[in-house]
Structure formats: C-alpha cells, structure tokens
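Q: Okay, here's the structure, questions in a sec.
The values are calculated or read from the model by the stated rules, or taken from the named source; none is laboratory data. These figures come from a predicted structure and were not determined experimentally. Counting neighbours? That spans all protein chains shown, and the Cβs are built from the backbone with ideal geometry, glycine included. Surface areas here come from the heavy atoms of the whole protein model, side chains and all, with no ligands, DNA or RNA. Shrake-Rupley method; radii C 1.70, N 1.55, O 1.52, S 1.80 Å.
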Amino acid sequence: MMLQKSDNEVYTIIQKELERQRKVLEMIPSENFTSVAVIEALGTVLTNKYSEGYPGRRYYGGNEFIDDIENLARDRAKKLFGVEYANVQPYSGSPANQAVYFALLKPGDTVLGMDLAMGGHLTHGYKLNFSGKYYHAVAYGVDQTTSLIDYDQVREIALRERPKMIIAGATAYPRKFDFAKFAEIAHEVDAYLLVDMSHITGLIIAGVHPSPVPHADVIMTTTHKTLRGPRGAMILATKLADRLHDVFRPESKKDLGGLIDSAIIPGLQGGPHNHQTAAIAVCLKEAMEPSFIEYGRHIQKNAAALAEELVAHGMTLVTGGTDNHLVLVDVTPQGIPGKQAEELLDSVGITVNKNLIPYDKRKAMDPSGIRLGTPALTTRGFTEADMKVVAGLIADVVTHPSDEAVLDRVRSKVAELTSAHPLYPEL
Ligand SMILES: *Cc1c(COP(=O)(O)O)cnc(C)c1O
C-alpha cells in the first residue's frame, strides 16, 4: 500500500512481474517461487542494520537481535544437513564460491572443475571468471558417447594436474553425481573437495539425490533454487578436510570454518544482508518439514514424466533422460537452433533457456539445446499428468515453429494450466 502511493512507477513494474510469473510456465531449472513467508521476511527492517562480523563478535553495536537471526539460520542449516559448520552470509552463489577459493587456495593454485560448456558453472574455472583468471583452472567434461561424467578421466586429469581443489557440481547435468568417487580422487591427490550442490539441494534434502555430506570437505549451495528460499547462499563444512591440515596450512591454527569465516569478512564482504539471513532461516524451517520431502520427490517424478513424454514425442535428450530436476534437449533433429526454440517457447508462455549441449558445434549465444526443469512448476502443484501435457506442448511448438494455429492452441493451453494452478493468490 505504501509503495503504491509513494512510488507508483516501481509498484506498477513489480505488479507486472507478478502477473508475468502467474501467467507463464516457468521451466528454468534454477528458478523457483518462494513462500509468502520468505517474501515477508525479506521486506523487513532487518535491512537497516549493519552487523559486520559474526554473532557475538560484531564491529557495530545494537546487534542482539541480528545475532539471534543469524544463529537461528546457522543452527537450522547445521541441523538440516548434519554438518558442524555453516556460514549463511554470502550474498549469492558466485561470491560464496569466491570465498571458498579465497579460504583454501592461493592465487595461481590449480583447481579442477567441470567444463562450463559441458554443464559446469562460471565460477568453476571459466576463463573470463575470477576463477579462471586468478587460478590455474583445468576442466573435466563428459564422455562423448554417453554424455556422463567419466570418473576415470577425472582421476587421470587429477593425477596429471595435481589440483589443490576439485569441484563437483553443475548447472546443466541431468544425472546423479557420484560424490564418493569424487572424494576418492580428491583423497588420492591430496586435494580439497568442494561440492557445489546449488541446483540439487532440495533433491538431496528429499533423499532423491545422494548427499555430499559424508564425502565433501566444503559444500556450497545457493538458497534460491530447489531449496526455494530467497536469493543467497550458504557454505557448509565437514571435518574431513582436517586430513589436509598438515599438507596445506601447517602454520595456521584456524580450522576450515575459521578460514571460511575470514574469507567472507574481512576477505570479501562487508555487512551481511540480514533480511536475507532471516529469509534463509525461514526457508530452512520449511525445508525441515515433511512436506518438503514430498516436494523434492515430486520435483524428480515430474522431471521423469517430462523426460519420458518428450522422448515419446520424438525429442532427443542428452543422456536419454534424467535422474534429477532437469532435462537437456538437443533440438538439432527438429531443425531449429536453441535460441530460436527459446524464443518460440517464450512467445507461447513457456519460459526455458537455451543451453550448450556437450560437444556442441554451435556457440554459447546460439547453442543446440534447451534446458528445462520442474522445480518451479512443482511448487505450483503441477502433477506428473500435467507435466506430460506440458511435454506435448513443447514438442508441438518446436516441431511446428511457424504454424500460428498450433502456437495459438498452445497459448490457450498454457493459460488453462496456469489458472488451474494459481500462483500467490494471497498477493
Ligand atoms: C546458480 C549457481 C551458482 C551461482 O549462484 P548465483 O547466486 O547466481 O551467483 C554457482 N554454482 C552453481 C552450480 C549454480 O547452479
């Protein structure tokens, strides 16, 4: 009410975005819809407070309630994942990964991550990212015929390059990660293992993807993807890294948690975003409820239904299907590039993103694939039967790119589906 009166311009744009979110089939696998409780926590007076430092050790006065919020968020994170250490201050996933590099490595050290072009993330060593500019980044990919991670190849590269840190995690890999295998390799070459589980955290909580906790030294997750919280990130640490203490930092008395704390502040950040911390605490409470386990399972079942039906409609999926929340479709056989597929689907109200496929012959800005995910639609209550309908619509669009009658029929079907699953009725 206040905003509408004081700044109608901003208010109107926000309302338009709310309507857009309501009206489209949101299938970008890294996106989700937070609860209204999370949104409420974000819009609070906590944003006013400076609190550089950590609970009980702040550079500013007046932080007794901010301490309560941060302690609550940290404790919930530790309990939910069963780890000894959690830092909830990173502004987002990329700065969180930067903090891990800063905590564990020196500039120029070797890191081994998944190739961006094969499904990795910018911060896993891409040449134009800090991770590729300030560190010696080497990459593993996927097998050319199966499109699966080839663990023998990962081991071979690790033995040859001797990385100080190995990163397991991806943004466009439709299958499970074998974290135990990654740990075995990391232990063999005395490297830290960072698991970046950003995309699959909700699936891990639900038990439909194995947890990295028994295997990783450090775990990073964004909080706004399958975890369904506010934009933000957390860094978790286990005690496994103690094995490397004498190898890498005999002079340091700090444990891994201490190193990460200092990397965040004073290393990289100033004051934490306390409204964001509160919203993270809220989403963690939601993630501890039995209904969240149902949610995570449902994401995966919906993705399996989507994949199965896309294949039934003659579409080509990278790895042939999915084990998680996303599918990667190679649209080359349909005779259109990924960029055009994205634009076409956008024009009928289905939001996806163009994506490179492994060994893509095309360029990142106009690749051969599209990436689709089910986390957001699952939040709206879409069922497996709905996902089969959605798969049919997607197949119709990419196989009839210039048939206006088909596109119009899909548009009205999208309207039907979105009104059957209302989004934010209370807003
Ligand atoms: C999303 C993501 C990140 C980065 O998160 P931002 O909040 O966009 O900075 C890092 N790693 C992986 C694997 C991701 O999926």
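Q: Give me the accessible area per residue for the chain, probe 1.4 Å, as a whole number in Å².
A: Numbers: 18110 Å² over 427 residues.
Here the per-residue accessible area is 42 Å².
Q: Before rounding to the nearest 500, sum -39500 (n - 2.57) across all DSSP H runs of length at least 4 in the chain and divide by the residue total; then give [θ] at 222 nm in deg cm²/dmol.
A: On the way: 17 runs with 185 residues, N = 427.
One gets -13000 deg cm²/dmol as the mean residue ellipticity at 222 nm.
Q: Report relative contact order for the chain in percent, whole number only (criteria: Cα-Cα under 8 Å, sequence separation at least 6). Can you show the working numbers first?
A: Values: 848 pairs, mean separation 92.7, N = 427.
Across the chain, relative contact order equals 22 percent.
Q: A further question on this structure: For the chain, build the charge dipole from Cβ charges (+1 Lys, Arg; -1 Asp, Glu) around the Cα centre, then report which of Pro55, Met114, Leu427 sits farthest towards its positive end.
A: Of Pro55, Met114, Leu427, it is Pro55.
Q: Still on this structure, please answer the following. With springs only between Cα atoms under 10 Å apart, run a GNM on the chain and tell me which of Gly43, Gly53, Gly257 wobbles the most.
A: Gly43
Q: Express in whole angstrom the spacing between the alpha-carbon centres of the range 356-393 and the range 402-427.
A: So the two Cα centres are separated by 17 Å.
Q: Suppose we keep just the DSSP beta bridges with both residues in the chain; what percent of those would be antiparallel, to 5?
A: Numbers: 22 of 38 bridges.
Bridges in the chain are about 60 percent antiparallel.
Q: Rounded to the nearest Å, what's the spacing between the alpha carbon centres of the range 114-148 and the range 188-206? Just the number, please.
A: Comparing the Cα centres of the range 114-148 and the range 188-206, I get a distance of 16 Å.
Q: Continuing with this model, one more query. What's the local net charge at Ile235, with K and R +1, D and E -1, over the other residues with C-beta under 13 Å away?
A: On the way: positive: Arg74, Lys78; negative: Glu84, Asp196, Asp217, Asp261.
Spelling it out: positives minus negatives among the neighbours equals -2.
Q: Over all directions, average the projected area of the Cα convex hull of the range 40-287 and note it in nm². Please report the intermediate quantities before stating the final value.
A: Working: hull surface 51.5 nm².
Over every viewing direction, the Cα hull of the range 40-287 projects on average to 12.9 nm².
Q: Just to check, using Stokes-Einstein with a Kirkwood Rh over alpha carbon pairs, what's the diffusion coefficient of the chain at 20 °C and 1.002 mPa s in µm²/s?
A: Reported coefficient: 95 µm²/s.
Q: Could I ask something else about it? Which Rg and Dmax, in Å, describe the Cα atoms of the range 297-427?
A: 14.2, 47
Q: Something else now. Over all pairs of distinct alpha carbons, what does the Kirkwood formula give as the hydrodynamic radius of the range 152-250, in Å?
A: Numbers: mean 1/r = 0.0711 Å⁻¹.
Every distinct Cα pair counted, the radius reaches 14.1 Å.
Q: Let me check I've understood the local charge: for Arg411, count other residues with C-beta under 13 angstrom from its C-beta, Lys and Arg +1, Asp and Glu -1. What total comes out? Walk me through the numbers before you get to the answer.
A: Working: positive: Lys23, Arg409, Lys413; negative: Asp346, Asp396, Asp403, Glu404, Asp408, Glu416.
With Lys, Arg at +1 and Asp, Glu at -1, the net is -3.
Q: Just to confirm a number: summing +1 for Lys and Arg and -1 for Asp and Glu over residues other than Gly125 whose beta-carbon lies under 13 angstrom from that of Gly125, what do you get?
A: Values: positive: Lys127, Lys133, Lys164; negative: Asp109, Asp115, Glu161, Asp196.
It works out to a net charge of -1.
Q: Okay, moving on. Would you mind telling me the share, in percent, of accessible area of the range 150-248 contributed by carbon and sulfur at probe 1.4 angstrom? Intermediate results must be reported in sequence, preceding the final value.
A: Working: 1430 of 3140 Å².
The value for the range 150-248 is 45 percent carbon and sulfur by accessible area.
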